[in-house]
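To start, the structure itself, in structure tokens.
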Amino acid sequence: MVSLSTHPFFPIITQNGAFRSVAAIKKFNSFNNQQSSKDLRRKLVCACIAPPPRNLKSEEDSSVINFNGSSKSEQLSTVRGHEDDSDVLIECREVYKSFGEKKILNGVSFKIRHGEAVGIIGPSGTGKSTVLKIIAGLLAPDKGEVYIRGRKRVGLISDEEISGLRIGLVFQSAALFDSLTVRENVGFLLYENSSMSEDQISKLVTECLAAVGLKGVEDRLPSELSGGMKKRVALARSIIYDTTKDSIEPEVLLYDEPTAGLDPIASTVVEDLIRSVHIKGRDALGKPGNIESYVVVTHQHSTIKRAIDRLLFLHNGKLVWEGMTSEFMTSKNPIVQQFASGSLDGPIKY
Ligand SMILES: Nc1ncnc2c1ncn2[C@@H]1O[C@H](COP(=O)(O)OP(=O)(O)OP(=O)(O)O)[C@@H](O)[C@H]1O
């Protein structure tokens, strides 16, 4: 895992706005009052947003997007033969990234389309979290481009001209603020960035917690929650948004190893939650989720099977395979076969 997993500025989901001096924010500032951090937070907010291209399909049209399980979709190239790219929310095109002498990404290209549930898998250290950081705008590629709804992102998250898509990042560690209550954690960005009253935010927090199956925990501190509950609170924080705004921007969520360290049952709970907040799912209250598409980095087979429809396999800095989850276990690709079976014999060397 990379340091992102402990980064406090999560989720990256809202627009720049006035700073509000509520108790939660005061408390937050008292333990994290570095100006550079505040600047970074402001930039994160702006970076992940891009206006829709003129021909972007409406949600109603999304039913025409068909990712069926045919073996044709298993390819070694990154091209999937889609004729229409109007449903593409995020695209990485020939992305390269090195850290010092170490080449991590070596020309990675893929698209995330409206309504998709995509997984990024591959051996440890192959650059999966780096890809999430690049999508989120926390890292800039050395070479190659990232397009957000058809518009090229220039530079990092300080690209304030881009708007129209919220991108949230859910960290492995949940990254809750220890000295804030659950209510303050979940409502954090609304306290800071919206004009909503504290009562409105509090009500919304309760609704979002109910959507992830949590009740009556608003006044607890993170230390009073189990690991699985913390992940649920993190998820509630990632799906909350300002309901008073005229237009709600679509949102893509990026999950970095959301089930790492959880027991099998707690993993299932989180996997189902990930599905439930998606537009194709239903939350704990029976309402459809509001997450348009999501990307999950994971090593867990259960998460691959339960929460992901399409997989991207990264190895040695390249996208070496992509296909539907149903094709993963039956793939003839030797790299995929070795990874799926956990065998020591094969092209992947440790
Ligand atoms: N900011 C950084 N500075 C230097 N090296 C980094 C940085 N971020 C990542 N790396 C290195 O890049 C490589 C890829 O890291 P990354 O976390 O993206 O891999 P990963 O595929 O997500 O790994 P894992 O499955 O083990 O979590 C690793 O060798 C890591 O040490």
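What net charge do the residues around Lys215 carry, taking every other residue with its C-beta under 13 Å from that of Lys215, with Lys and Arg at +1 and Asp and Glu at -1? If you can, show how the numbers build up before the last one.
On the way: positive: Arg183, Arg220, Arg232; negative: Glu207, Glu218, Asp219.
Within the 13 Å Cβ shell, the charges total 0.
For the pair Ser124/Lys203, report the inter-label distance in nm, with labels modelled 7 Å from Cα in the Cβ direction.
4.9 nm
Please work out the FRET efficiency for the pair Arg282 and Asn316, using the Cβ-Cβ distance as r and a Förster radius of 25 Å; give the result to the nearest 0.05.
The calculated FRET efficiency here is 0.05.
From Cα coordinates alone, what are the radius of gyration and Dmax values for the range 182-284 in angstrom?
13.6, 41
Averaged across orientations, what area in nm² does the convex hull of the alpha carbons in the range 204-350 project? Could you put the intermediate results ahead of the total?
Working: hull surface 43.2 nm².
Averaged projected area of the range 204-350's Cα convex hull equals 10.8 nm².
If ligands, DNA and RNA are left out, what is the accessible area of His315 with a 1.4 Å probe, given in Å² to the nearest 10?
Here the residue's solvent-accessible area equals roughly 20 Å².
Quick one: net charge of Pro123's neighbours, Cβ under 13 Å, K/R +1, D/E -1? Spell out each step's value before the answer.
Working: positive: Lys128, Lys318, Lys349; negative: none.
Once positives and negatives cancel, what remains is +3.
Could you tell me which of Ser341, His301, Ser202 has its Cα farthest along the dipole of the range 195-350 towards the positive end, charges placed at Cβ (Lys, Arg +1; Asp, Glu -1), taken about the Cα centre?
Ser341
In the structure displayed, which of Lys231/Lys280; Lys102/Lys332; Lys97/Lys332; Lys97/Lys318; Lys318/Lys349; Lys215/Lys280 lie more than 18 Å apart, Cα to Cα?
Those over the limit are Lys231/Lys280; Lys102/Lys332; Lys97/Lys332; Lys215/Lys280.
The values are calculated or read from the model by the stated rules, or taken from the named source; none is laboratory data. Just so we're clear, the structure is a prediction, and the values are computed from it rather than from any experiment. Backbone-built Cβ (ideal geometry, glycine too); neighbour counts: all protein chains shown. Just so you know, the surface numbers come from the protein's heavy atoms only, side chains and all, with ligands and any DNA or RNA stripped out. Shrake-Rupley method; radii C 1.70, N 1.55, O 1.52, S 1.80 Å.
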